[in-house]
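Have a look at the structure below before the remarks.
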Amino acid sequence: MGRRGNGEGSVRQRADGRWESRVRLPGGERVSVYGATRAEVVEGAARVMRDARLGVSVADGRERYGAYLERWLELAMAGKAEGTYSAYETAIRLHIEPVIGSVRLVDLAPAHIERVYAVMLAHGISATANVGKALSASLSNAERQGLVVRNVARLVRRPRHVGRELRFLAPDEARAYLAVCAASAPSPSTKQSLMRLAPMLAVMLQTGLRVGEAMALRWREVT
């Protein structure tokens with residue numbers, strides 16, 4: 001065990017070469033801060049003590065990744081665009097947390113990240129961009145906080161997205177699609193809603209606009 005400096009807590013070098021500082025918080029709880037060097041964990045320990053005195057929630061490398069992700073999502077995505085938050089939340093809820101949410105932060109390894117991608121591919125999901133971004137961003141934050149030594153998501157190459165071949169509707173098919181939308185409405189109110197959407201659907205079919213692009217159109221752009 002290394003010599004302890006003032007306010008450092010218990011600092012030691014682990015058998016795997018990493019450094020660990022065990023910090024006792026004002027309430028008596030002990031948390032671990034990890035780093036590649038002694039200087040990193042000493043700095044991290046000081047930051048943890050400062051946050052604890054300010055009343056900021058203090059995480060520990062032994063925390064489960066799923067619990068960490070839940071807190072990180074709310075803090076990191078505050079003020080972000082709604083679409084960005086939704087993309088990250090969906091990636092975490094559907095693909096990350098169910099697979100490796102029970103793993104402790106300090107135990108995360110490249111193999112865990114590879115498992116997330118492998119499960120997605122096994123289910124025919126090759127669009128892994130948002131999952132990769134959520135993994136990397138969350139673990140970069142954990143690295144800055146001294147909860148993990150390195151961002152293991154950066155060590156794994158994200159699978160290449162294989163796009164599906166697009167099939168475009170023929171004019172007759174497009175007209176039939178709009179007719180079916182109106183004819184198959186289960187109630188008069190739903191039919192009225194579909195009738196109101198018909199012009200937008202027609203524009204999307206004729207121009208290839210995506211839903212978000214069509215919704216953003218203003219009257220002066222279509223008249």
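The values are calculated or read from the model by the stated rules, or taken from the named source; none is laboratory data. Computed from a prediction, not measured in an experiment: that's the story for all the values here. Cβ placement follows ideal geometry from the backbone for every residue including glycine, while neighbour counts extend to all protein chains displayed. These accessible areas exclude ligands, DNA and RNA; they are computed on the full protein's heavy atoms, side chains included. Shrake-Rupley method; radii C 1.70, N 1.55, O 1.52, S 1.80 Å.
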- For region 145-150, what does the Karplus curve 6.51 cos²θ - 1.76 cosθ + 1.60, with θ = phi - 60°, yield as ³J(HN,Hα) per residue in whole Hz, taken in order and with x for Gly and Pro? 7, x, 7, 9, 6, 8
- Item | Long-range HN-HN contacts of Leu147 with modeled amide H, under 5 Å | Tyr34
- Working with all protein chains in place, sort Tyr85, Tyr68 by solvent-accessible area computed with a 1.4 Å probe, largest first. Tyr85, Tyr68
- Calc'd 3J(HN,Hα), region 135-142, phi into Karplus 6.51 cos²θ - 1.76 cosθ + 1.60 (θ = phi - 60°), Hz, glycine/Pro = x, comes to 4, 5, 5, 5, 7, 5, 5, 5
- Query: How high is the FRET efficiency from Ala118 to Glu74, r the C-beta distance, R0 35 Å, rounded to 0.05?
  - Reply: 0.80
- Note on the structure: All alpha-carbon distances of region 20-179, grouped into 10 Å bins from 0, give the whole-percent distribution 10, 33, 28, 16, 7, 4, 3, 0
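Ranked highest first by the average count of other Cβ atoms within 10 Å around their residues, in what order do 44-50, 99-105, 122-128 fall?
Listed from highest to lowest mean packing, they are 44-50, 99-105, 122-128.
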- Message: So, R0 is 45 Å and r is the distance between the beta-carbons of Gln206 and Arg14; what FRET efficiency does that work out to, to 0.05?
- Response: 0.10
- Accessible surface of Thr84 - all protein chains present, 1.4 Å probe, nearest 10 Å²: 60
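Can you give the FRET efficiency to the nearest 0.05 for Arg160 and Arg64, using r as the Cβ-Cβ distance and R₀ = 41 Å?
Working: r = 30 Å, r/R0 = 0.74.
Efficiency computed from Cβ-Cβ geometry: 0.85.
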- Item | Projected label distance in nm at Ala81 and Trp219, using a 7 Å step from Cα toward the beta-carbon | 2.7
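Just order 10-21, 132-143 by mean Cβ neighbour count inside 10 Å, highest at the front, would you?
Numbers: 10-21: 15.4, 132-143: 20.5.
Per-residue Cβ counts within 10 Å, averaged per peptide and sorted highest first, yield 132-143, 10-21.
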- Task: Would you tell me the accessible area of Met215, worked out with a 1.4 angstrom probe on the heavy atoms of the protein chains, in Å² to the nearest 10?
- Result: 130
